[in-house]
Amino acid sequence: MPSLLSFKRKAANSESNYESDRRQQVEQLFLKQQRKLIRHIMAKGLDKREAEDIAQEAFVKLLGLEQEKVSSYIAAYLYKIATNLAIDKLRRKARSPFDHYVSDSDELPKLCAPTGPEQNHHNHELLKEMEKALASLPDKCRLAFLLYKMRGQSYEEISLTLQISTSMVRKYVLRAVRHCYQQLEHEL
């Protein structure tokens, strides 16, 4: 009769073999799918640097999973993780759409070239009001507007990203424009 200690050693060895096999499986997946995954994430509306970060985070999350069942559909699970991370990133950007412009000193002069301190203050206040107006919109409406106006995506690209029809994207963008106009009418 085998001792309990030998049973624990065998279990530990099988776990380490499983971890080794799993790590090797993820490494092979990384080599085969990395570029394709980055393009998939960029199609959601993120730039290359952000897509690379999300792809790396998706692989790390995949490595952290301990379920043996996942190994049979590991590539699909990787894409699902990456898609969810990309959507989360886009949602964070949608909540505060102007943060990345304020941090980029090169982008700010292109957005608004103030003629003096008063104009600078007025433009800053206008941006705050615009951000508040956008924040009051429903998530998909705000995201559709930002992807269209800030990222320059087509209605078709946005419909794929948000998984809605192109006519719904048009309605969301129009609704956001009307809403912002109504909220900022007194400033314009």
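Of note:
- With respect to being within 16 Å of R91 (Cα to Cα), open to solvent by 60 Å² or more (accessible area, probe 1.4 Å) and either assigned to a helix (DSSP H, G or I) or modelled with pLDDT of 90 or more (or both), K132 fits the description.
- Of residues in region 41-64 being under 21 Å from Q25 (Cβ atoms) and either basic (K, R) or free of Cβ contacts under 8 Å to residues at least 12 places away in the same chain (or both), the one least open to solvent (accessible area, probe 1.4 Å): G64
- Selected residue (criterion: nearest to A144 (Cα to Cα)) from residues of region 29-40 that are open to solvent by 60 Å² or more (accessible area, probe 1.4 Å) and modelled with pLDDT under 85: F30
- Boolean, I87 is within 21 Å of D53 (Cα to Cα), out of contact with any strand residue (DSSP E or B) (no Cβ under 6 Å at 6 or more places or on another chain), part of a helix (DSSP H, G or I) and modelled with pLDDT of 75 or more: yes
- Residue that is most open to solvent (accessible area, probe 1.4 Å), among those in region 135-152 that are touching a residue at least 40 places away in the same chain (Cβ under 8 Å) and part of a helix (DSSP H, G or I): D139
- Within region 153-178, being under 15 Å from K44 (Cβ atoms) and open to solvent by 60 Å² or more (accessible area, probe 1.4 Å) holds for E156, E157, L160, Q163.
The values are calculated or read from the model by the stated rules, or taken from the named source; none is laboratory data. The shown structure was predicted, so the numbers you read here are calculated from the model rather than taken from an experiment. Methodologically, a virtual Cβ is constructed for each residue, glycine included, from the backbone with ideal geometry; neighbour enumeration extends over all protein chains shown. Remember, those area values only see protein heavy atoms, side chains included, never the ligands or the DNA or RNA. Shrake-Rupley method; radii C 1.70, N 1.55, O 1.52, S 1.80 Å.
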